[in-house]
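Step one of this worksheet: look at the structure below.
The values are calculated or read from the model by the stated rules, or taken from the named source; none is laboratory data. Fair warning: this is a prediction, and the values are worked out from it, not measured in the lab. A quick note on method: Cβ atoms are made from the backbone with ideal geometry, for glycine too, and the neighbour counts reach across all protein chains shown.
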Amino acid sequence: MKKLLRNFLILIFPIALMILVNEYSRFQLETTDYQSRGQSTINPAIRNPEKCTWACHNDTGYCKTHHVKLNQAYFFFTDPLYFGMIAALKGFGNYGLANILLLVLFFPVLIYTMLIKSLNIQDRIS
């Protein structure tokens, strides 16, 4: 029973924390009339050198030039990973669905499963 409760809390805590932070953040934001592709958005789709907008989502180069605070010497390492992942997701044919299935469902479930297996092994050792 103790392991079951531990496993349940490990599963629920990150999800609950994410929901709490999102809901709290929503109260801090002003209502906007911005829209992108017919959907209401928090930020406009125009380019803004002061902060990231949907233009950064659609043009990573613009965002890297104006908003990235990391040392640009690391781009030789991060760019192939980032753009490779984007290309792989687009290669599925439906980028949005692939994004949800892989990054929202598959990888978190894989990480959760490996964490639980690791804790169970640790329990057996001690």
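A few points about this structure:
- Residue match in the range 21-41 (condition: assigned to a helix (DSSP H, G or I), free of Cβ contacts under 8 Å to residues at least 40 places away in the same chain and touching a Lys or Arg at 6+ places or on another chain (Cβ under 6 Å)): no
- The condition of being surrounded by 10 or more Cβ atoms within 10 Å (Cβ to Cβ) and either more than 30 Å from Asn120 (Cβ to Cβ) or under 17 Å from the mean Cα position of the chain (by Cα) (or both) holds for only one of Ala73, Ala98, that being Ala98.
- Test result for Asn48, assigned to a loop (DSSP other than H, G, I, E, B) and surrounded by 10 or more Cβ atoms within 10 Å (Cβ to Cβ): yes
- Enumeration of residues in the range 1-20 that are closer than 28 Å to Lys64 by Cβ and touching a residue at least 24 places away in the same chain (Cβ under 8 Å): none
- Residue in the range 54-70 that is modelled with pLDDT of 90 or more and more than 19 Å from the chain's Cα centre (by Cα) present: no
Conditions tested, residue by residue: (1) among the hydroxyl-bearing types (Ser, Thr, Tyr); (2) outside the structural domain of Ala98 (by TED's automatic domain parsing); (3) touching an Asp or Glu at 6+ places or on another chain (Cβ under 6 Å); (4) under 29 Å from Val109 (Cα atoms).
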{"site": "Gln28", "(1), (2), (3), (4)": "no, yes, no, no"}
{"site": "Tyr34", "(1), (2), (3), (4)": "yes, yes, no, no"}
{"site": "Lys51", "(1), (2), (3), (4)": "no, yes, no, no"}
{"site": "Asp59", "(1), (2), (3), (4)": "no, yes, no, no"}
{"site": "Thr65", "(1), (2), (3), (4)": "yes, yes, no, no"}
{"site": "Phe77", "(1), (2), (3), (4)": "no, no, no, yes"}
{"site": "Met85", "(1), (2), (3), (4)": "no, no, no, yes"}
